[in-house]
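Asks: A single structure is presented below for examination.
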Amino acid sequence: AQANLILGRIESLPLRKRWDVITCFYDTLNHLTDRNALAAAFREVSRLLAPRGVFVFDTNNRRCYQTLWRSPATVKTKAATISVTPHFNESSRIGTAVISISPSSGPCVTAELRERCYDDADIRTLLDGAGLTVHSHESINPFSPGDIQPIKTLWVATRY
């Protein structure tokens, strides 16, 4: 089997071919903090799916932001120290995390990560507006063994 890796913005991919299956994982869609951008991404997926094509993706759910985006964390290795300082704003549903990487030699690099928590109803509405039907959505914990409740939602939708 052949796999294709396409680099581009999910809202406007440079593709013409229709696909039977499209996947999008590791909370990629949560990085689209503007609802209109998420709607555009779903429309683009719908455009690229063959009739009855399947779209499988995951999103971080509210539990993820309420548990993992509340406490700072630091990981130290021989090569670097990585510090993450997260914050989740319940009213705006925006999570921000300042990530600092301090290599054992060289300058420290700092970046800010932003994500939005979308409720299931938001996602269903936007999928429907893009011509996609939800077949299933399930709360999951991808970390095994896990001692926390499911922090992601796995979605399966098809183009109608």
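The values are calculated or read from the model by the stated rules, or taken from the named source; none is laboratory data. Keep in mind that this is a model prediction, so the values were computed, not measured. With ideal geometry, Cβ positions are generated from the backbone for all residues, glycine too; neighbour counts draw on all protein chains shown. Side chains are part of the model used for accessible areas, which takes the heavy atoms of the whole protein and leaves out ligands, DNA and RNA. Shrake-Rupley method; radii C 1.70, N 1.55, O 1.52, S 1.80 Å.
Asks: Within the range 1-74, which chymotrypsin sites (Phe, Trp or Tyr not before Pro) sit in a loop by DSSP and count at most 14 neighbouring Cβ atoms inside 10 Å? It would help to have the intermediate numbers written out before the result.
Replies: Values: sites: 19, 25, 26, 42, 55, 57, 65, 69; in loops: 25, 26, 69.
Of the chymotrypsin sites (Phe, Trp or Tyr not before Pro), the ones in loops of the range 1-74 whose Cβ has at most 14 other Cβ atoms within 10 Å are 25, 26.
Asks: Relative contact order of the range 1-155, please, whole-number percent, based on alpha carbon pairs below 8 angstrom and at least 6 residues apart.
Replies: Working: 259 pairs, mean separation 35.1, N = 155.
For the range 1-155, the relative contact order is 23 percent.
Asks: Give the Rg/Rh ratio for the range 94-155, taking Rg as the radius of gyration of the Cα atoms and Rh as the Kirkwood radius, to two decimals. Write down the numbers at each step before the final one.
Replies: On the way: Rg = 17.4 Å, Rh = 15.0 Å.
Expressed as Rg/Rh, it is 1.16.
Asks: I would also like to ask the following. Please compute, over every Cα-Cα pair in the chain, the percentage with a separation greater than 18 angstrom. Don't skip to the answer; put the middle values down first.
Replies: Values: 8115 of 12720 pairs.
Value for the chain: 64 percent of Cα pairs lie more than 18 Å apart.
Asks: May I pose another question? Percent of Cα-Cα pairs per 5 Å bin, from 0 to the last occupied bin, for the range 74-116, please list those.
Replies: Here the calculated profile for the range 74-116 is 6, 23, 24, 17, 12, 9, 5, 2, 0.
Asks: May I pose another question? Calculate how steeply helix 120-129 sits against the longest principal axis of the alpha-carbon atoms of the chain, using the helix alpha-carbon long axis, and give the answer as 0 to 90 degrees to the nearest 10.
Replies: So the inclination is approximately 40 degrees.
Asks: Of the candidates 108, 24, 64, which one comes out as most mobile in a Gaussian network treatment of the chain with C-alpha springs shorter than 10 Å?
Replies: Comparing 108, 24, 64 in the GNM, the peak value goes to 108.
Asks: Report, by chain and number, residues whose modeled amide H sits under 5 Å from the one on residue 19, excluding near sequence neighbours (fewer than 5 apart, same chain).
Replies: 49, 50
Asks: Skip the ligands, DNA and RNA, and give the accessible area per residue of the range 1-77 with a 1.4 Å probe, whole Å².
Replies: The answer is 64 Å² per residue.
Asks: Which longest run of the chain has no exposed loop site in it, a site being trypsin sites (Lys or Arg not before Pro) in a DSSP loop with at most 14 other beta carbons within 10 Å, and the site itself not part of the run? Don't jump to the answer; show the numbers that get you there.
Replies: Numbers: sites that count: 9, 16, 17, 18, 70, 78.
After excluding every exposed loop site, the longest remaining stretch is 79-160.
Asks: Tell me, what does the Kirkwood hydrodynamic radius of the range 29-110 come to in angstroms if you use every pair of distinct C-alpha atoms? Walk me through the numbers before you get to the answer.
Replies: On the way: mean 1/r = 0.0642 Å⁻¹.
Evaluated on the range 29-110, it is 15.6 Å.
Asks: On to the next question. Largest first and to the nearest Å, give the Cα extent of the range 120-160 along each principal axis.
Replies: For the range 120-160, the Cα spread along each principal axis is 37, 17, 10 Å.
Asks: Between residue 34 and residue 133, take the C-beta separation as r, use R0 = 25 Å, and let me know the FRET efficiency to the nearest 0.05. Don't jump to the answer; show the numbers that get you there.
Replies: Details: r = 24 Å, r/R0 = 0.96.
Efficiency, rounded to the nearest 0.05: 0.55.
Asks: Please list, by residue number, every one of the GluC sites (Glu not before Pro) in the range 63-119 that is coil in DSSP and has at most 14 other beta-carbon atoms within 10 Å. Walk me through the numbers on the way to the answer.
Replies: Working: sites: 90, 112, 115; in loops: 90.
Within the range 63-119, the qualifying GluC sites (Glu not before Pro) (loop, at most 14 other Cβ atoms within 10 Å) are 90.
Asks: Still on this structure, I have one more. Determine, from the Cβ-Cβ distance of residue 77 and residue 1 and an R0 of 35 Å, the FRET efficiency 1/(1 + (r/R0)^6), rounded to the nearest 0.05. Please list the in-between numbers first.
Replies: On the way: r = 35 Å, r/R0 = 1.00.
The calculated FRET efficiency here is 0.50.
Asks: Compute the helix-to-body angle for 35-48: its Cα long axis versus the longest principal axis of the chain, expressed 0 to 90° and rounded to tens.
Replies: Taking Cα atoms only, the helix is inclined about 50 degrees.
Asks: Now a separate question. What's the local net charge at residue 53, with K and R +1, D and E -1, over the other residues with C-beta under 12 Å away?
Replies: Numbers: positive: 17, 18, 47, 52, 159; negative: 20.
Here the charged neighbours net out to +4.
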